[in-house]
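The structure appears below as structure tokens.
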Amino acid sequence: MGSIRRLLILSTLSLCLFVMSGVQGAMAQGFSFSRIDVEGNKRIETSTIITYSGLATDQVFGADDLNRAYQNILASGLFESVEVVPNGNRLIINVNEFPTVNKIAFEGNRRVNDNTLKSIIGLQPRRVFNPDKADADRAAIVQVYADQGRLAARVTPKIIRRSDNRVDVIFEIFEGGLTEIERIGIVGNKVFSDRRLRRVLDTKQAGFLRLFVRRDTFLADRIDFDERLLTDFYNARGYIDFKVNDVNAELTEENNAYFVTFNVREGQIFRFGDVTLISERSDIDVEDFQIAVSAETGDVYSPTLMEKNLSRLEARATQLGLDFVRVTPRVTRNDADLTLDVEFVLEQGERVFVERIDITGNTTTLDRVIRRQFRISEGDPFNPRLIREAAERIRALGLFGNAGVNAREGTQPGQIIVDVEVEEQPTGSLQLGATYSGDNGFGVVIDYSERNFLGRGQALSFAIRSGVDNQSYAFNFTEPEFLNPELRFNLGLSYGETDNQGAAYDTNSLDITPSLSFPISDYSRLSVRGNISATQMLNASGVGSIIEAEANLERVDDAGFGFTYRYDTRGVGLDPSSGIAVIYNQDFGGIAGDKGAYSKSTIRTIGERAIMNEDVVLRGVFEAGWLHHSEGSSRVTDRFFLPATVLRGFEFAGMGPRQRSINGVINDPLGGNKYTVAKFEVDFPLGLPEEYGMSGGAFYHAGNLWDTGATVTNQDDRLEYDNGSWRHVVGATLYWTTPIGPLRFDFTRALKKETHDVERTFDMSIATRF
């Protein structure tokens, strides 16, 4: 019995080996075809399909080759189905072509127009339809709506078959509503309040203005940007260990809003400790570089200040004719006293030169506009810091949607090629707007501007402004880099008319002002200018002897020159929570024309300080002006008036010297040759949610306007307040940032005024663009 079982097993094994050897022989068998026929193709040439397959006649192919041919033809994206069928010495390739797109349409889209959607999809009429492309287009359309905050948008491609193997592709779109941010929370902050930090964020909570405010929608990219904004905010204030640990975004149960929470770690504020400068090069004297170090012991540490010092030191090396100087900061952390000792090391840099600078993507902007942002040229020593600064300047031009600057190895050792890739964006705009202020009433604004005129990087603008009793026309041209990267040229032309604006006469004025401006230091700038002007007073009626005499001069031409010095550290100085500004204007006239020689000066100083974790801002302002005329008497069109932007609480020309008749028929505001204003202001939150855009303020203003240099010839008239009189005003302000523009409401009360002053107890100002 056992021998029979062993015999059966051996027989079975022999049979299996025989079958397997047959199968292997069949698998190893090759195919050779004398003909390759393609069936089912109508648009695609037979030769093209055979080329896709990679097969040829009279060659031996295995089963793997046939499968590979099948995959290649299918991967072309031209066929809905493919069959590869060997038939003796003939290979038959059966294909079913994808249809051709007859037309593409969109249904249900109201927020995004058809042209925009057509520009982002891959399917095109008279091209081959492919389901994968249709699905990719569906995803692209969904992403467009997601970028607008409509995360619930759905898109369904619908295919309608037509004759001749054609299809219509209909994208059915459900746009959905905006996915808002219901609440923004911040966890882990102790130094700065949630309110202050939410002001830093670009994203805003949804409020009662949700129909207008677009920054309350949830966008993942914007959240990433907010993380960077928070980090920059803390770093600039010395919190070098600040970190956003996590951002948690939770959908509400209704799936129509997000709760966003930033989990942060503030750390502690660090200051500069010992700041030293050493050299590792024998040809460098560190004393020559001390002037370039602005960081001092006790200053709040910030990356911006460090970068500025490094840039100044490298610029100093260039001034001294020293090449390949690398400045490396060595920072020692002292946790005991919360300081950072900084040692600036001047060392030998790598000997690398700039081979060339390649620029791509600038279809409108001339190459030289981009090249002049570099402070190095082909053949100069390569400086990574100068390349980074050039990249920032290119982005700051505002001419490009995207701008990338990268360095790569050159064609030879020791050389670098700098690649600049930019993406143009629209730079021209035509805006219609409306304004309102207590001084000028309602007005209309038409403003055309082009920031890249003829691709030269020049700015050109033309504006028309019309108010209740005034209108003006202004043309402005700016060449940002005139003969020198730091020298800016500007040409301004303006024409204005007034119609009884705070007076019983009209005026026409024309000004032509060319100017050159350039930086003096990190925080100061000087502008020098020439001026040609013509001023005319006309239609004077019911005026006193002073205005009548000045109006009889009719048109007065003038030519002169002047300068403006500006120093401003607000928001950019060593302490971002405080700053000062000084603006001094000086003009000299009467060089040519009808006016006698004169000088006109104004100065404005501003000091700001943020307190209480920067929730409250204190501001002090001092302004003064004086006009000296060689002939002793100036004209009313030249003298100073104090509008609401300078001194609140009074109507336009409502305070200062005036000529009045005894019976009150004559009441002419005359302005003054001298004025002084002191203002003390405080801005503070109102406790309302930040997304409402409302904050409050309080102020105290004191001002004086005096000295006309004129005399009254009519014994029935009097010259009042010509010797000056201080006015004192207190008030409260409501600031409201709205989608139609910033609104300001001022409620004022004059504590001290003169009898014939014209007080204004409420003022509102608005400026908006459509």
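The values are calculated or read from the model by the stated rules, or taken from the named source; none is laboratory data. Remember, predicted model here, so these are calculated numbers, not experimental data. Here the Cβ is made from the backbone with ideal geometry for all residues, glycine too, and neighbour counts use every protein chain on show. These accessible areas exclude ligands, DNA and RNA; they are computed on the full protein's heavy atoms, side chains included. Shrake-Rupley method; radii C 1.70, N 1.55, O 1.52, S 1.80 Å.
Data table
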{"quantity": "Members of the stretch 689-715 that are within 23 Å of D638 (Cα to Cα) and of a type in the set (D, E)", "calculated": "D707"}
{"quantity": "Top-ranked residue in the stretch 673-706 [being open to solvent by 60 Å² or more (accessible area, probe 1.4 Å) and modelled with pLDDT of 95 or more; ranked as nearest to H629 (Cα to Cα)]", "calculated": "K674"}
{"quantity": "Selection within the stretch 520-533 - more than 23 Å from A559 (Cβ to Cβ) and open to solvent by less than 50 Å² (accessible area, probe 1.4 Å)", "calculated": "S524"}
{"quantity": "Residue list for the stretch 29-40, restricted to those being part of a loop (DSSP other than H, G, I, E, B) and either among the hydroxyl-bearing types (S, T, Y) or touching an Asp or Glu at 6+ places or on another chain (Cβ under 6 Å) (or both)", "calculated": "S34"}
{"quantity": "Residues located in the stretch 562-583, provided they are at pLDDT 90 or above and surrounded by fewer than 15 Cβ atoms within 10 Å (Cβ to Cβ)", "calculated": "none"}
{"quantity": "Segments classed as strands (runs of 3 or more DSSP E), wholly inside the stretch 374-477, with at least 1 members that are of a type in the set (A, V, I, L, M, F, W, C) and buried (at least 16 other Cβ atoms within 10 Å of the Cβ)", "calculated": "400-409, 415-424, 441-453, 458-466"}
{"quantity": "Test: residue in the stretch 258-267 that is open to solvent by 40 Å² or more (accessible area, probe 1.4 Å), over 21 Å from P384 (Cα atoms), of a type in the set (K, R) and at pLDDT 90 or above", "calculated": "yes"}
{"quantity": "Enumeration of residues in the stretch 478-488 that are surrounded by 14 or more Cβ atoms within 10 Å (Cβ to Cβ) and under 23 Å from the mean Cα position of the chain (by Cα)", "calculated": "T478, E479, P480, E481, P485, L487, R488"}
{"quantity": "Matching residues, the stretch 534-553, being β-branched (V, I, T) and open to solvent by 20 Å² or more (accessible area, probe 1.4 Å)", "calculated": "T535, V543"}
{"quantity": "Residue check for V327: over 17 Å from G273 (Cα atoms) and open to solvent by less than 80 Å² (accessible area, probe 1.4 Å)", "calculated": "yes"}
{"quantity": "Subset of the stretch 707-743 that is open to solvent by less than 50 Å² (accessible area, probe 1.4 Å) and in contact with a Ser or Thr (Cβ under 6 Å, 6 or more places away or on another chain) - its residue that is modelled with the lowest pLDDT", "calculated": "G741"}
{"quantity": "Of the criteria (1) surrounded by 13 or more Cβ atoms within 10 Å (Cβ to Cβ); (2) in contact with a Phe, Trp or Tyr (Cβ under 9 Å, 6 or more places away or on another chain); (3) more than 15 Å from S53 (Cβ to Cβ), which one P125 fails", "calculated": "(2)"}
{"quantity": "The stretch 615-644: number of residues that are acidic (D, E) and open to solvent by less than 20 Å² (accessible area, probe 1.4 Å)", "calculated": "1"}
{"quantity": "Sole exception among (1) touching a residue at least 60 places away in the same chain (Cβ under 8 Å); (2) under 16 Å from F192 (Cα atoms); (3) hydrophobic (A, V, I, L, M, F, W, C) for L219, by number", "calculated": "(2)"}
{"quantity": "Hits in the stretch 535-587 - residues which are hydroxyl-bearing (S, T, Y) and outside any strand (DSSP E or B)", "calculated": "S541, S545, T569, S577"}
{"quantity": "Boolean, S633 is of a type outside the set (F, W, Y), in contact with an Asp or Glu (Cβ under 8 Å, 6 or more places away or on another chain) and at pLDDT below 95", "calculated": "no"}
{"quantity": "Residue within the stretch 99-113 that is within 13 Å of N165 (Cα to Cα) and touching a Phe, Trp or Tyr at 6+ places or on another chain (Cβ under 6 Å) present", "calculated": "yes"}
{"quantity": "In the stretch 494-511, the residues that are crowded, with 16+ Cβ neighbours inside 10 Å and in a strand (DSSP E or B)", "calculated": "S494, G496, E497, T498, D506, T507, S509, L510, D511"}
{"quantity": "Residue, least open to solvent (accessible area, probe 1.4 Å), within the stretch 287-324, restricted to residues that are modelled with pLDDT of 90 or more, of a type in the set (V, I, T) and not in a loop (DSSP other than H, G, I, E, B)", "calculated": "V300"}
{"quantity": "Some residue of the stretch 596-608 being over 30 Å from V682 (Cβ atoms), open to solvent by less than 50 Å² (accessible area, probe 1.4 Å) and part of a strand (DSSP E or B)", "calculated": "yes"}
{"quantity": "L251 vs. criteria among the aliphatic types (A, V, I, L, M), touching a helix residue (DSSP H, G or I) at 6+ places or on another chain (Cβ under 9 Å) and either surrounded by fewer than 15 Cβ atoms within 10 Å (Cβ to Cβ) or modelled with pLDDT of 90 or more (or both)", "calculated": "no"}
{"quantity": "Filter result (open to solvent by 80 Å² or more (accessible area, probe 1.4 Å), more than 18 Å from V128 (Cβ to Cβ) and among the charged types (D, E, K, R)) within the stretch 49-91", "calculated": "D58, D64, R68, E83"}
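Here's the yes/no breakdown for (1) out of contact with any strand residue (DSSP E or B) (no Cβ under 6 Å at 6 or more places or on another chain); (2) within 30 Å of F270 (Cα to Cα); (3) modelled with pLDDT of 90 or more; (4) surrounded by 16 or more Cβ atoms within 10 Å (Cβ to Cβ):
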position	(1), (2), (3), (4)
Q143	yes, no, no, no
Q148	yes, no, no, yes
V167	no, no, yes, yes
G177	yes, no, no, no
F192	yes, yes, yes, yes
R196	yes, yes, no, yes
D202	yes, yes, no, no
F212	yes, no, no, no
